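Just below is one structure, and these are the notes that go with it.
The values are calculated or read from the model by the stated rules, or taken from the named source; none is laboratory data. Model, not experiment: these values are computed from the prediction. Cβ placement follows ideal geometry from the backbone for every residue including glycine, while neighbour counts extend to all protein chains displayed. Just so you know, the surface numbers come from the protein's heavy atoms only, side chains and all, with ligands and any DNA or RNA stripped out. Shrake-Rupley method; radii C 1.70, N 1.55, O 1.52, S 1.80 Å.
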Amino acid sequence: MKFATCIHEGREKAVVVQEGAIHPLEITMRELVDGGLGKALELGAAALRKPGFPLDDVALCAPLQPATMRDFVAFEEHVEGVRRSIDGQDGVVEAWYQAPRFYFTNPYTVNGPGAVIHPPAACHALDFELEVAAVVGKSGSSLSVAEAKNHIFGYTILNDWSARDIQRREMQVSLGPSKGKDFANTLGPWIVTADEFDERRGDDGFFDVLCTVEVNGDRVGHDSLANMGWTFESLVAYASRDSWVHPGDVLGSGTVGNGGCLAELWGRRGEQTPPPLHVGDVVTLTVEGIGSLSNTVGESRPSPDVPPARQIDHVSARSGGERA
């Protein structure tokens, strides 16, 4: 089943999407996810028994306002290419193979299908990232991988927009990324429930699903979720270790390989080809079994400057300074 979010009769509602029509529910997506997958399927089935409305008559919002967002780096090919682009190093660090690494990104800058993306004013190397994200539908702590499978509500597409020049400077401090990432991300166009998406799972537990990205109608990259280093339930289990996952948490797969972002291609080619995104560019991510998600690059918004750090004479500060 596919659940989306739109404005219907003046308020935000979760809807079931089927065969070009929407069937509204009288609750929000967050309420739907909080109730768990089983209850959601019951409510969705009931909504489908009522008349629907053409999907083309409504504008979809981001399917969910996440409680938290963790973004992993689960594709080895992506790590190798972007490492070369960001810090000039070849290969993949050994620590990547030991556990699925992630960072927390910003749940307050989530965009929906069709939204205009405004990069930071200081950004001159805007990039997309083609990802699939799991949506958590059940609380858990220190879950096993087997247990974690039952905590996934469904899957959606994630575009983790990236200001690569800002990111490169930030990560020289061995912390981040922060402002290179947190200005925008996009989820959508809807959430495909885990029971439906599981039909695409192979015997090895990985999804044999093609993911593609186009810029202005030209294909830039493509890869399969079968090339992930870990399954989604492994990501959920690791996220819950010594911590918690709760309904509404979103866990990104990390960017797919083979051109899932521009920075990977820049690292492999030694030049910015294709060029960074510019105003008016349309980026479309497509994932088999989910759908397509498009956004347009807009103008940067002006932002006030923050001064650089003050320079301190630490020797003088430790001694209390000299008195005249």
Residue by residue through the stretch 287-299, note down the ones that are open to solvent by 30 Å² or more (accessible area, probe 1.4 Å) and closer than 11 Å to Val132 by Cβ. Glu288
Report yes if some residue within the stretch 168-175 is at pLDDT below 95 and in contact with a Ser or Thr (Cβ under 9 Å, 6 or more places away or on another chain); otherwise report no. yes
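Name the one entry in Trp266, Trp244 that is at pLDDT below 95, over 18 Å from the mean Cα position of the chain (by Cα), aromatic (Phe, Trp, Tyr) and surrounded by 13 or more Cβ atoms within 10 Å (Cβ to Cβ). Show your work before the answer.
Working: Trp244 fails: at pLDDT below 95.
Residue meeting the stated conditions: Trp266.
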Could you give me the residue pairs with C-beta distances under 6 Å whose first residue belongs to the stretch 182-204 and is buried (at least 21 other Cβ atoms within 10 Å of the Cβ) and aliphatic (A, V, I, L, M), whose second residue is modelled with pLDDT of 95 or more and part of a loop (DSSP other than H, G, I, E, B) wherever it lies, and which are 6+ apart or on separate chains? Ala184/Trp161; Leu187/Ala62; Leu187/Pro63; Ile191/Pro63; Val192/Ile290
Note on the stretch 59-80: residues surrounded by fewer than 17 Cβ atoms within 10 Å (Cβ to Cβ) and among the hydrophobic types (A, V, I, L, M, F, W, C) are Ala59, Ala67
Taking the residues in the stretch 269-324 that are among the acidic types (Asp, Glu) and modelled with pLDDT under 95 as candidates, determine which candidate is farthest from the chain's Cα centre (by Cα). Glu322
Yes or no: the stretch 210-220 includes at least one residue that is at pLDDT 95 or above and of a type in the set (S, T, N, Q). yes
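So, in the stretch 87-107, how many residues would count as being buried (at least 19 other Cβ atoms within 10 Å of the Cβ) and of a type outside the set (S, T, N, Q)?
Kept after step one, since they are buried (at least 19 other Cβ atoms within 10 Å of the Cβ), are these residues of the stretch 87-107: 100, 105.
In the following step, the residues that additionally are of a type outside the set (S, T, N, Q) were identified as 100.
So the count comes out to 1.
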Residues of the stretch 60-83 that turn out to be in a helix (DSSP H, G or I) and within 20 Å of His222 (Cβ to Cβ), as a count: 7
